[in-house]
Every structure is written in structure tokens, then in C-alpha cells.
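Structure first, then comments.
The values are calculated or read from the model by the stated rules, or taken from the named source; none is laboratory data. These figures come from a predicted structure and were not determined experimentally. Methodologically, a virtual Cβ is constructed for each residue, glycine included, from the backbone with ideal geometry; neighbour enumeration extends over all protein chains shown.
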Amino acid sequence: MPELPPDVTLDEVKERARLAGLPIPLERLSLVRGFLSNALKPIRALDSRAVRTVEPAVIFHAEVDAKGGAESGS
Amino acid sequence: MSADELCYAGIRELGGLFRRRELGPVDYATDLLRRIETLDKTLNAYVTVTAERALADARAAETALARGDAGPLTGIPIAYKDLYATRGIRTTAGSALLADWVPDADCTCVARLQRAGMVMLGKLITHEFAFGIQFPGHRFPPARNPWNLDHIPGGSSSGSGAALAAGLTVGSLGSDTGGSIRGPAAFCGIAGLKPTYGRVSRAGVVTLSWTLDHTGPMARSAEDCAFMLQALAGHDPADPASARQPVADYLANLEGGVKGLRVGVVRDYFFEQVEPETVAAFERAVGELGRLGATVRDVTIPSMHAAPSFMVILLAEAFAYHERDLRERPELYGPVLREKLMAGGLFRADEYVQAQRLRSQIREDTARTLQAVDVLVTPTALGPAPPFRVVLDPDFPFAKSNMGPFNVTGLPTLALPTGFSTTGLPLSFQISGRPFDEATVLRVGHAYQRATDWHRRRPPVRA
């Protein structure tokens, strides 16, 4: 699989919008490209093998759960 | 004390005046309502003024004071960001979509502060859904910065920042997903505390991005933030992220000073693109902490350069929250906000997951740094408040954020004024602490404010 370029291109934004079924006006495409590029830059620079997986989605607390309550980590 | 000085009084001072019968909550609320009527025509901080409610609350406060069972917040005026649900009072989120929404219950924060005896003056404008900017023609006009009306007050808690700076309320609540408490605090020269994630309930507050959203107090001093946090903090089963951590006494050691405290200055990432005046004011503030007895040293957080990836999380979650309305009633969203939210629908699932993995790494690195120091200090914003003409350009991009990293990490962070630009606009730094250690953060902030007077400067507005 080819590596992704660090920046998101306008064509890529158009293609993503088409796939998502979101009608983004032409005059706003470059603005949206800016949002995506900035946010994705660290992710595209990431070696996904070098980062740990996300913490467990479910955390049980014996005391709380025994009473039927729920508590998420903070 | 002149009427102009009285409208800038702090919670401790007002409480003393109330208890000694030198001032009554009804007279005080009446004075502030009059001031709002005069000044807010220009500032647009309030969406709704609840004058009758304010006077009823103030009368109840006078009864409590007469009974001798008043608390520290009894009779203190407050106005809520219009993102907080208020029973029987419209809650617009600054949007056309919710322009006529009248909730049938108070959100938890409002219920707690009203129970503590605060006097509700009204609801304060927020940037649309805590994320957009009110472009010309929007249903609600934008709040303006009391220090210079041509400049924004920051956002999204824009009305809260403007109202506090102009002496139109004593306390306020903001919400902070990427800096929306601290940004207006920085641009308006006031104090804003984003507590630890889970410390203050978000139940009944309109969502932007639920893994980054925080609620918290805004006021004119660290001490006033401490008073309000004391009433706000504590577990709420209605907020799934609410923590069961015991609530500290935020006022007990507020006067404890900073002698021997270890302060870390995060030099990497947080100084990139920061304007020289902001850096100079920051260095003077840090120097002051050193003179007060703190040990100051530079620290690094290696993964902090990945912080901008938090926008993937924010945008994706915001899109998930708004998707149905965006697809069915897009015309009810303001220009640019609509496309900002739609941008969140363009990320792939793996990109959201990678952003959360980076978030974990940033959290771990920051926690490790906070083993060696007690608090971190950084500039809050890159510079002073920009003018409207700049931010109302539809192509105005997201600026690099010094505040977002503390939404990513969930750490308690307090923004305080550090001086002024040559153009007369406030500058600010932020103090961040360990999870649930708001007490230390507030103590550092209070010590700094006892030694400086930036928070006592007033903007050029006169009633």
C-alpha cells in the first residue's frame, strides 16, 4: 500500500465528501482541506506500530459495579 | 466604594458586605441589572436577561442572610453561558436551531449554584454550538471585547468573558472543549478554570465533543473560581464521565503561597508561533512565581507535538452529535460552522482511533512530567484578541492551540492575566496541575494575583 502524503489534497477532500454523502460547497473545500490537513498531520507522521493500543473501553470497579452502578475512568 | 468599583467586587468582599448589612443582594442585583441595560447594548454579552428571576433570587438571599444560614455564594450574581440548560428559560446554544428551546429542568451545575444561593442575572451568548462564530446576519449578534470593541472576546464562552470584564456579573460558567473557558479569559483579562475531566458535571450542557468537553467557573480572580468550584464539584450520576473522587477544600490552603513548589515551564510546542509580547509577559509572570519562592525549571513533553490531532477527535465527535440535523436542516447552521462540522464526517474510523492512541501517549508523557514538578505553566493564547475583521474571514483557519493539549489530557488548568499588549489588550498564562489537584493550581494562581494587579485593571467602559 503506498504511503499517504503529509498533506490532504483538494481531490482527497472531494472524494471523502462524496463517500460520506456530505455536500460541501466548492468555495469551502479549501477551508475543510485546511482542517483535515492540520488535524491529520501528526497521524500521518505516526508509525502506528510504535504506539500502544488505546486503554480498555470498559473499566469495571468492583465496589461500584456490585451495586449496579457504572463508573468510567477519569 | 463607588458604584463602578462595586460592580467589580469579588465574592469574599461582597459576602462580607452582605453579612454586615452594608449592602443588600436586592440593591446589588438591581445595580447590576441597570448596568447591563446600559452597557450591554454595545457589548451583546447577554442573550437573555432574567431580571425578575434575579430579584426573586436576591430576595431569597436576603431572607437566608436574615436567618443567618447564608453560605459564601448567597446573594452573589451569576450569569450562565447559554449552553447550560435552565428550567423555563430559553437555552439557545447561540444557534438558530435551538433559538426557541425552553428546557424543563436545570442542568446540574445551575442547580448546584442556585442551591448555593446565587442570583441568576441571565444567559450569556456563546459562539454557535460552542464552535462557530456569529457571522453578520446570524440570529444572535456576537459579543464584543470590552477592552476594544473591534476585537473578539474569544470563544466560545464569549458572553461570559465580555460580561465579567465589563462588570456585568460577578461569576459565570463556561464550557471548554479546546479552550473555550481559557480563551475568553485570556482575551478579556479575567480568570477561567477548566477543572479536571470528570470533576464538574456536564449533564444538561449542550455537547460539542464528549471526550473533550469540560465545564467550569469563570470569574475575575482565582479566588472567585475557587469559591464557585467548591459548590460545583462532586459526583453526578447524570454525567457518565463524572468522577467519584472526593472533593477537596479549595479555599483551605488558598493562602498557602508557592514557597518550595516546583513549577515546570513546557518550552517545546507551547512557544511556537507565540507573539513576543505574550512571551515577555509570560516570562515576567514566571519570574514573579520564582520571586515568591517557587522553584522554576524547564521541562519537556516529547509527544506534545502530536497535540493538533485532538481536532480529529473534536470534529468527529461533533459531527456524530450533529449529523442528523446537519443532513436534515443544514440551513439552520451558520456559514462555516456547517462546513466545520461536516469536516468531522470526513475522517476515517482508523484516523479517529489513531488520534485516541496519540492522546493516550500525550497523557502518559504529561503525567510523567508532572511527577517531577507540581504544576506546568504555558502561555494561554498565541497573542492578544484578534479583531473581528480577521476572524470573520470565512477562510480564517484554526489557529494552533496551546489550550487543546489540556483537554486532551483532562488536566485542571487555570488561565490568568499577565499584562497587556502595546495595543491595550490583555495577555494571559495558564497553570496546569495533576488530575484532581485544582487546589494547588488555584493556590498558585491566587499567590500570583496577590503579588500582581493585572486582574484589577478595568476596560474603558462606563455606565
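Condition check: more than 9 Å from chain A (Cβ to nearest Cβ), among the polar types (S, T, N, Q) and in a helix (DSSP H, G or I). Does B:THR369 satisfy that? It is true that B:THR369 is more than 9 Å from chain A (Cβ to nearest Cβ), among the polar types (S, T, N, Q) and in a helix (DSSP H, G or I). Residues in the range B:146-171 that are under 23 Å from B:GLY117 (Cα atoms), touching a Leu at 6+ places or on another chain (Cβ under 6 Å) and outside any loop (DSSP other than H, G, I, E, B): B:GLY159, B:SER160, B:ALA163.
Within the range B:372-400, the residues that satisfy the criterion of being assigned to a loop (DSSP other than H, G, I, E, B) and surrounded by 24 or more Cβ atoms within 10 Å (Cβ to Cβ) are B:THR380, B:ALA381, B:PRO384, B:ALA385. If the condition is being within 7 Å of another protein chain (Cβ to nearest Cβ), in a loop (DSSP other than H, G, I, E, B) and hydrophobic (A, V, I, L, M, F, W, C), then the range A:1-54 contributes A:LEU22, A:ILE24, A:LEU46, A:VAL51, A:VAL54. Could you tell me whether B:GLU223 is more than 21 Å from B:ALA381 (Cβ to Cβ), away from chain A (no Cβ under 14 Å) and part of a loop (DSSP other than H, G, I, E, B)? The answer is no for B:GLU223.
Table: residues versus (1) under 13 Å from the mean Cα position of the chain (by Cα); (2) modelled with pLDDT of 95 or more; (3) under 24 Å from B:ASP325 (Cβ atoms).
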site	(1), (2), (3)
A:ARG16	no, yes, yes
A:LEU19	no, yes, yes
A:ASN38	yes, no, no
A:ARG52	no, no, no
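Checking each residue in the range B:50-69 for being buried (at least 20 other Cβ atoms within 10 Å of the Cβ) and not charged (D, E, K, R) picks out B:THR50, B:ALA54, B:ALA58, B:ALA61.
Enumerate the pairs (first residue in the range B:449-463 and more than 28 Å from B:ARG291 (Cα to Cα); second residue anywhere and modelled with pLDDT under 95) with beta-carbon separation below 8 Å, excluding pairs fewer than 6 apart on the same chain, so at least 6 apart or on different chains. Taking only residues 6 or more apart or on different chains, the pairs are B:ARG462/B:ASP4; B:ALA463/B:ALA3; B:ALA463/B:ASP4. Scanning the range B:329-340 for residues being among the basic types (Lys, Arg), facing chain A (nearest Cβ under 8 Å) and in contact with a helix residue (DSSP H, G or I) (Cβ under 6 Å, 6 or more places away or on another chain) gives a total of 0. Restricting attention to the range B:28-43, the residues being in contact (Cβ under 8 Å) with a residue 60 or more places away in the chain and among the basic types (Lys, Arg) number 2. Out of all the residues in the range B:252-268, is one or more away from chain A (no Cβ under 14 Å), part of a loop (DSSP other than H, G, I, E, B), buried (at least 18 other Cβ atoms within 10 Å of the Cβ) and in contact with a strand residue (DSSP E or B) (Cβ under 6 Å, 6 or more places away or on another chain)? Checked against the condition, which is being away from chain A (no Cβ under 14 Å), part of a loop (DSSP other than H, G, I, E, B), buried (at least 18 other Cβ atoms within 10 Å of the Cβ) and in contact with a strand residue (DSSP E or B) (Cβ under 6 Å, 6 or more places away or on another chain), the range B:252-268 yields no hits at all. The condition of being at the interface with chain A (Cβ under 8 Å from one of its Cβ atoms), aliphatic (A, V, I, L, M), in contact (Cβ under 8 Å) with a residue 12 or more places away in the chain and crowded, with 19+ Cβ neighbours inside 10 Å does not hold for B:ALA316. Scanning the range B:341-362 for residues that are within 7 Å of chain A (Cβ to nearest Cβ) and either over 29 Å from A:ALA50 (Cβ atoms) or in contact with a helix residue (DSSP H, G or I) (Cβ under 7 Å, 6 or more places away or on another chain) (or both) yields B:MET342, B:ALA343, B:GLY345, B:LEU346, B:GLU351, B:GLN354, B:ALA355, B:GLN356, B:LEU358, B:GLN361.
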